[in-house]
Amino acid sequence: MKKGIFILLLILVMGSLVFAGGKGEKAVDASATEKIIIWTNLTADAQAKVLNKQFTEVAAEMGVEVEMVTISFNDMYTKLATAVESGNVPDIMHTNFAGSAYLQSQGIIIDMDDVIDGIGRDDFISSYLHVLNADGKTWGVPDWALHTSVWYRKDLFKQYNIEIPQNWAEFEAVAKKLTLDTNRDGKVDIYGFPVPMHAVQVAPQTYYEFLYSAGVTTFDPKTGEYSFGKQKREAKEVMDYMINLYKTTSPPAAIEWSWNEYRNALVEGTVAMTLDMGAVIGLAQSNNPEMVEKLGCFDLPGRYGVKPASFGSGYAFVVSKQGSDKKQAIKKEFVSRLYTSERAAERALSRPMFAFPSLYSALEIYKLSPLVALFQEQIATITDAFENNNWYWYGMENGLSQMSSQIEATTFFGEALQSVALGRETSEKAVDYIDRQLQEQLLLIE
Amino acid sequence: MKANKSGLTSNQTLGKIFIIPLVAFLLVFMIYPVVYNVFLSFTDARLLKKDFNFVGLKNYKNIFSNPKFYQYAKNTLIWTITSVIGQLVIGLGVALLINKKYAGTGLRSFLLIPYVVPAVVIALVTKWITNGDYGIISCGLQNLGLLQHCQSPLAVPGSSMAILVIVNIWRSFPFPMLIYWATLKGINKEMYEAASVDGANAVQSFFRITVPHLKDTTIVLVVLRIVWTATYFDLPWLITGGGPAGTTTHLPIMIYQASFGTFQTGLASSISIVLGFCLFIFIVFYVRKSLSDEG
């Protein structure tokens with residue numbers, strides 16, 4: 001009897017341990033229906049709804065099952081690590097260019113050139129494809145992209161007879177002219193241009209927009225060689241310019257401003273211009289509709305007029321290596337079917353900021369949408385920048401690079417810039433520090 | 001009770017069987033992660049890469065040769081000590097208050113609210129009230145001339161850490177409050193009555209009766225709160241992201257950045273070992289000192 005109880009308990013304990021600690025590998029589905037698991041980092045309702053709708057439609061067309069999992073970008077790496085460990089990597093991922101770069105560097109995804117050719121390579125805006133290129137292959141199908149522009153108060157420009165600035169000197173003059181004490185109480189009521197420097201992502205994004213417009217890059221766009229170290233003098237000058245703007249035309253609190261703060265400031269009328277990717281329009285529509293028609297945008301001018309490049313990013317569909325040849329073919333077809341002009345335009349329009357689809361044909365549909373009908377002027381400005389200029393996401397000047405995700409997830413740019421803004425560090429030392437950090441990251445990547 | 005060959009009674013054998021799940025739990029969820037973390041700290045392991053090499057003490061050398069580590073360790077010390085002192089002092093004060101007859105269940109429940117508010121909500125509200133343009137705290141300080149126009153205390157080194165500590169104290173004081181209150185309830189009222197008869201005033205009663213009774217509770221609270229605060233990541237990351245200029249970056253943020261910024265799992269493990277070791281040493285020293293004082 002006691003022996004029986006002992007054996008029963010042992011079985012229970014072992015059984016519970018097996019269930020608790022098992023790897024959870026799924027049994028092979030005996031049915032013929034393939035199931036595709038898609039992760040997306042887009043967690044906003046409107047975007048997730050459109051994605052889910054399109055995935056369901058395509059799955060029905062192909063006779064496959066689909067499961068969409070929304071995972072915030074911050075959680076992606078941890079969840080992916082677990083997925084890799086358990087051998088359950090998602091079939092398709094919808095992630096930003098930095099995430100795509102990381103997945104490519106880890107050998108998790110396959111190249112998508114055949115899919116792009118199938119959709120029609122000529123229909124893709126070439127700069128979108130360039131960003132997703134590495135080792136002569138394109139590792140994702142670009143979905144849409146965002147471009148950083150200067151969003152400004154058209155009414156103030158008109159009131160003070162200000163023209164769109166054509167170089168940095170003019171830009172600084174405009175920012176100073178628009179730093180206003182409107183009620184003459186000795187306090188600034190409207191700041192010309194905030195320089196947001198929150199350590200998490202925002203500081204490097206602001207700095208890189210200025211770096212690119214002065215021709216400074218992390219890697220040489222043509223050769224892919226590390227180039228920041230050779231351009232430290234220029235990087236220092238860029239930093240000095242930025243910090244000078246911060247001290248003369250920016251609210252002092254901007255040192256810790258993130259996206260919400262500078263967007264709100266423009267929408268609420270406490271700053272006259274700001275760098276942004278177009279989310280200010282959505283914010284104005286919901287918080288201060290009167291401001292919508294007062295807002296316009298222009299490309300941040302190049303340091304001496306001609307702008308070498310600007311800052312931008314976007315999302316792409318990438319496909320994991322996992323699975324049989326048959327499964328790979330299904331996954332590729334699935335992605336391919338998502339690229340009808342209508343679907344591509346619909347996805348871009350679900351974004352609460354100016355996200356431009358990667359297909360020319362989709363862009364035409366996008367422009368005709370009543371959702372953006374009021375903003376044709378802004379769309380023309382941004383489209384021109386997308387089509388006719390270089391634009392990169394930090395660290396991806398020569399195509400996909402893991403450096404991008406390392407810059408994105410660390411705070412050394414923010415620390416360096418904030419230290420200079422607070423007078424705790426010279427710009428020369430700050431640039432040296434950034435250079436050392438970038439080189440350390442480079443060693444890690446290699 | 002009849003013993004078997006190994007000298008154990010059947011009840012003892014059954015008892016041992018019953019502790020198997022607990023032992024298994026400890027092995028799987030406590031011992032293994034710690035041992036594996038120590039192991040990882042001697043490797044160049046990276047997130048998402050299965051292969052890694054043994055690198056000896058390289059990670060530890062990197063940590064101690066990084067000047068930022070000392071700045072972040074100092075920040076951790078300031079963050080932890082000031083937060084814990086604040087939590088315990090306010091927790092005790094409020095516990096004394098709710099120990100009075102007039103404090104009802106409603107008040108006690110109300111005082112627990114900060115502890116159950118999610119960190120992200122606290123962070124958003126903190127950023128809102130310290131916004132340089134319209135935040136009530138910032139505008140108040142600006143009107144008093146203590147802060148520059150359109151400035152936020154979160155953008156000023158020193159005051160950003162002060163704001164973090166204040167928010168952390170507000171969020172965490174209900175825990176010491178509850179524990180102190182439970183201890184206060186256990187103190188025999190007759191001792192106060194006897195002291196009163198002997199002519200002791202309220203202050204004397206507090207220091208001669210209440211404080212000695214709270215000593216063991218305080219030891220436990222200090223240990224728990226130090227461990228929880230020194231490893232608390234959410235609020236500093238969500239409110240300041242470690243800024244401005246790294247003045248609120250503490251070791252948990254450094255660990256996070258090593259793990260999910262540069263994906264150096266090995267390095268992150270070694271920083272966590274250093275933090276864990278420092279906490280362990282402090283706690284052993286503190287508890288032994290406290291108990292020997294008592295003895």
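The values are calculated or read from the model by the stated rules, or taken from the named source; none is laboratory data. All values reported here derive from a predicted model rather than from experimental measurement. So basically every Cβ, Gly included, is an ideal-geometry build from the backbone, and we count neighbours across all protein chains shown.
Restricting attention to the stretch A:376-390, the residues being among the hydrophobic types (A, V, I, L, M, F, W, C), at pLDDT 80 or above and surrounded by 13 or more Cβ atoms within 10 Å (Cβ to Cβ) number 2. The single condition from (1) in contact with a Phe, Trp or Tyr (Cβ under 7 Å, 6 or more places away or on another chain); (2) outside the structural domain of A:N96 (by TED's automatic domain parsing); (3) modelled with pLDDT under 95 that A:V188 fails is (1).
Quick check: anything in the stretch A:402-409 crowded, with 20+ Cβ neighbours inside 10 Å and of a type in the set (D, E, K, R)? For the stretch A:402-409, residues crowded, with 20+ Cβ neighbours inside 10 Å and of a type in the set (D, E, K, R): present.
Filtering the stretch B:159-181 down to residues that are over 18 Å from the mean Cα position of the chain (by Cα) and in contact (Cβ under 8 Å) with a residue 24 or more places away in the chain, which residue is farthest from B:T76 (Cα to Cα)? Step by step, filter the stretch B:159-181, then rank; the result is B:W181. Is it the case that some residue within the stretch A:99-112 is within 14 Å of chain B (Cβ to nearest Cβ) and surrounded by fewer than 19 Cβ atoms within 10 Å (Cβ to Cβ)? Yes: one or more hits.
Looking across B:L77, B:L47, one residue alone is closer than 30 Å to A:A409 by Cβ and assigned to a loop (DSSP other than H, G, I, E, B). It is B:L47.
None of A:L103, A:L156, A:L146, A:L129 is hydrophobic (A, V, I, L, M, F, W, C) and part of a strand (DSSP E or B) except A:L146.
In the set A:T95, A:T78, A:T40, only one residue is surrounded by fewer than 18 Cβ atoms within 10 Å (Cβ to Cβ) and hydroxyl-bearing (S, T, Y); that residue is A:T78.
Here the condition is being in contact with a Ser or Thr (Cβ under 9 Å, 6 or more places away or on another chain) and charged (D, E, K, R); of A:K232, A:K236, A:K247, it holds for A:K236 alone. The number of residues in the stretch A:163-195 that are buried (at least 21 other Cβ atoms within 10 Å of the Cβ) and within 11 Å of another protein chain (Cβ to nearest Cβ) comes to 2. On inspection, B:S65 fails the criterion of being surrounded by 14 or more Cβ atoms within 10 Å (Cβ to Cβ), on the phi < 0 side of the Ramachandran plot, without any contact (Cβ under 8 Å) to a residue 12 or more places away in the chain and within 13 Å of chain A (Cβ to nearest Cβ). Taken over the stretch A:417-433, the residue count meeting the criterion of being under 27 Å from the mean Cα position of the chain (by Cα), touching a residue at least 40 places away in the same chain (Cβ under 8 Å) and at the interface with chain B (Cβ under 9 Å from one of its Cβ atoms) is 4. Taking (1) under 29 Å from the mean Cα position of the chain (by Cα); (2) crowded, with 18+ Cβ neighbours inside 10 Å in turn, B:L147 satisfies each apart from (1).
Listed by position, the strands (runs of 3 or more DSSP E) enclosed by the stretch A:263-381 include none that has at least 1 residues that are within 14 Å of chain B (Cβ to nearest Cβ) and either over 18 Å from the mean Cα position of the chain (by Cα) or among the acidic types (D, E) (or both).
Being over 24 Å from B:L88 (Cα atoms), more than 14 Å from every other protein chain (Cβ to nearest Cβ), surrounded by fewer than 16 Cβ atoms within 10 Å (Cβ to Cβ) and without any contact (Cβ under 8 Å) to a residue 40 or more places away in the chain is the requirement here; does B:S292 meet it? Spelling it out, it is not the case that B:S292 is over 24 Å from B:L88 (Cα atoms), more than 14 Å from every other protein chain (Cβ to nearest Cβ), surrounded by fewer than 16 Cβ atoms within 10 Å (Cβ to Cβ) and without any contact (Cβ under 8 Å) to a residue 40 or more places away in the chain. Criterion first (within 14 Å of another protein chain (Cβ to nearest Cβ) and within 25 Å of the chain's Cα centre (by Cα)) does A:P204 satisfy it? Judged against the criteria, A:P204 is a match. Annotation note: Cβ proximity below 6 Å between a residue of the stretch A:73-91 that is facing chain B (nearest Cβ under 8 Å) and part of a helix (DSSP H, G or I) and a residue that is crowded, with 19+ Cβ neighbours inside 10 Å and of a type in the set (F, W, Y) (sequence gap 6+ or interchain) occurs for A:Y77/B:F260.
Scanning the stretch A:280-295 for residues that are among the small types (G, A, S) and either modelled with pLDDT of 95 or more or buried (at least 19 other Cβ atoms within 10 Å of the Cβ) (or both) yields a single hit, A:A284. Among the residues of this structure, A:M242 does not count as one that is touching a residue at least 12 places away in the same chain (Cβ under 8 Å), under 26 Å from B:G261 (Cα atoms), touching a His at 6+ places or on another chain (Cβ under 9 Å) and more than 13 Å from chain B (Cβ to nearest Cβ).
Exactly one residue out of B:T217, B:T210, B:T229 is of a type in the set (S, T, N, Q) and modelled with pLDDT of 95 or more: that is B:T229. Residues being more than 18 Å from B:F282 (Cβ to Cβ), at the interface with chain A (Cβ under 7 Å from one of its Cβ atoms) and in contact (Cβ under 8 Å) with a residue 60 or more places away in the chain are represented in the stretch B:236-243 by at least one member. Inspect the stretch A:186-203 for any residue being part of a loop (DSSP other than H, G, I, E, B), out of contact with any strand residue (DSSP E or B) (no Cβ under 9 Å at 6 or more places or on another chain) and charged (D, E, K, R) and give the result as yes or no. Yes, the stretch A:186-203 has at least one match.
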